[in-house]
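The structure under discussion appears below in the form of structure tokens.
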Amino acid sequence: MDKKNSVFIATSLDGYIADGNGGIDWLHSIPNPNNDDMGYVEFTNRIDALIMGRTTFETVIGFDVPWPYKKPVFVLSNKLKEIPESHKDKAFLVNGSLTEILKQIHGKGYGRLYIDGGTTIRNFLKEDLIDEMVLTTIPILLGGGSSLFGELPIELKFELVGTKTFLNQISQIHYKRKR
């Protein structure tokens with residue numbers, strides 16, 4: 001089985017993924033009249049399942065839209081006791097160490113994983129479990145909020161796979177882990 005842990009996320013110029021109130025409205029600060037998905041659908045076509053943190057899961061189920069994922073979603077949480085009834089067949093609660101969780105998910109046949117949510121991404125990086133990152137930068141300075149990156153116990157090197165520009169303002173950089 002092909003195993004890869006991938007990140008696809010947007011940040012502000014100053015590296016935040018949510019503003020000081022947890023808001024993400026700034027993601028739509030650049031007009032996108034043709035609803036360009038900036039490679040998101042292509043990316044999700046290459047994954048088997050998602051792993052996201054509780055906060056990200058609760059944010060997504062709070063949107064007034066149908067469930068946006070066609071692949072299984074594994075929710076990391078030590079606080080959440082069960083998935084809400086409305087999402088029981090779409091999302092699955094997992095906990096334990098990241099290596100135990102990955103072993104469990106791989107055992108179900110899911111190898112190519114989309115890692116989502118700030119804390120979850122930071123925890124995967126701390127354990128050197130991220131293989132590639134696609135970072136989309138929105139040209140706005142938030143000045144604070146939820147940072148994508150934090151302190152790491154070791155230096156992690158990545159190499160450039162490619163760059164793209166969307167809407168003449170948004171940059172997207174694709175990196176893979178240099179091992």
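The values are calculated or read from the model by the stated rules, or taken from the named source; none is laboratory data. Just so it is clear, the structure is predicted and the values come from calculations on it, not from any experiment. FYI the Cβ positions are ideal-geometry reconstructions off the backbone, even for glycines, and counts take in every protein chain you see. Note: accessible area is taken over every heavy atom of the protein model, side chains too, but ligands, DNA and RNA are not part of it. Shrake-Rupley method; radii C 1.70, N 1.55, O 1.52, S 1.80 Å.
State which entries of Lys88/Lys178; Lys79/Lys103; Lys71/Lys176; Lys90/Lys178 exceed 31 angstrom in Cα-Cα distance in the structure shown. Display every interim value, and only then the final one.
Numbers: Lys88/Lys178 37 Å; Lys79/Lys103 21 Å; Lys71/Lys176 23 Å; Lys90/Lys178 34 Å.
Cα-Cα > 31 Å for Lys88/Lys178; Lys90/Lys178; rest within.
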Problem - Under 5 Å, built H, 5+ apart or other chain: amide partners of Thr11 - result: Thr136, Thr137, Ile138
Completion exercise
segment 60-156, convex hull of Cα, quarter of hull surface, nm² -> 8.3
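Mean residue ellipticity at 222 nm from the helices of the chain, using -39,500 (n - 2.57) per DSSP H segment of n ≥ 4 over the full residue count, to the nearest 500 deg cm²/dmol?
On the way: 4 runs with 34 residues, N = 179.
-5000 deg cm²/dmol, from helical runs alone.
If you take the square roots of the eigenvalues of the alpha-carbon gyration tensor of segment 1-53 and sort them as a ≥ b ≥ c, do you get rounded (a/c under 1.5), prolate (a/b over b/c) or oblate? Intermediate values should be presented prior to the final figure.
On the way: a/c = 2.75, a/b = 1.47, b/c = 1.87.
Judged from the Cα gyration tensor, segment 1-53 comes out oblate (a/c at least 1.5, b/c at or above a/b).
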Exercise for the section: Kindly identify segment 136-179 as rounded, prolate or oblate by the Cα gyration tensor criterion: order the square roots of the eigenvalues as a ≥ b ≥ c, call it rounded if a/c is under 1.5, otherwise compare a/b with b/c, prolate if a/b is larger, else oblate. Expected result: oblate
Practice task
Grab the beta carbon distance between Ile154 and Asp89, set R0 = 41 Å, and tell me the FRET efficiency rounded to 0.05.
Solution key: 0.55
Problem - Tail weight of P(r) past 20 Å, computed on alpha-carbon pairs of segment 44-117, percent - result: 24
Fill in the blank from the handout: Which residues qualify? For Gly53, with a placed amide H closer than 5 Å and at least 5 residues away or on another chain, they are Leu76, Asp116, Thr120
Problem - Gain in span if fully extended, Tyr69 to Asp2, counting 0.36 nm per residue against the direct Cα distance - result: 22.0 nm
Problem - Surface per residue (accessible, 1.4 Å probe) for the chain, Å² - result: 57
Problem - Scaled radius of gyration (Cα, divided by 2.2 N^0.38 Å) that segment 1-102 gives - result: 1.18
Practice task
Determine the principal axes of the Cα atoms in segment 105-179, then give the extent along each, sorted from largest to smallest and rounded to whole angstroms.
Solution key: 42, 25, 24
Problem - Size-normalised alpha-carbon gyration radius of the chain, reference 2.2 N^0.38 Å - result: 1.02
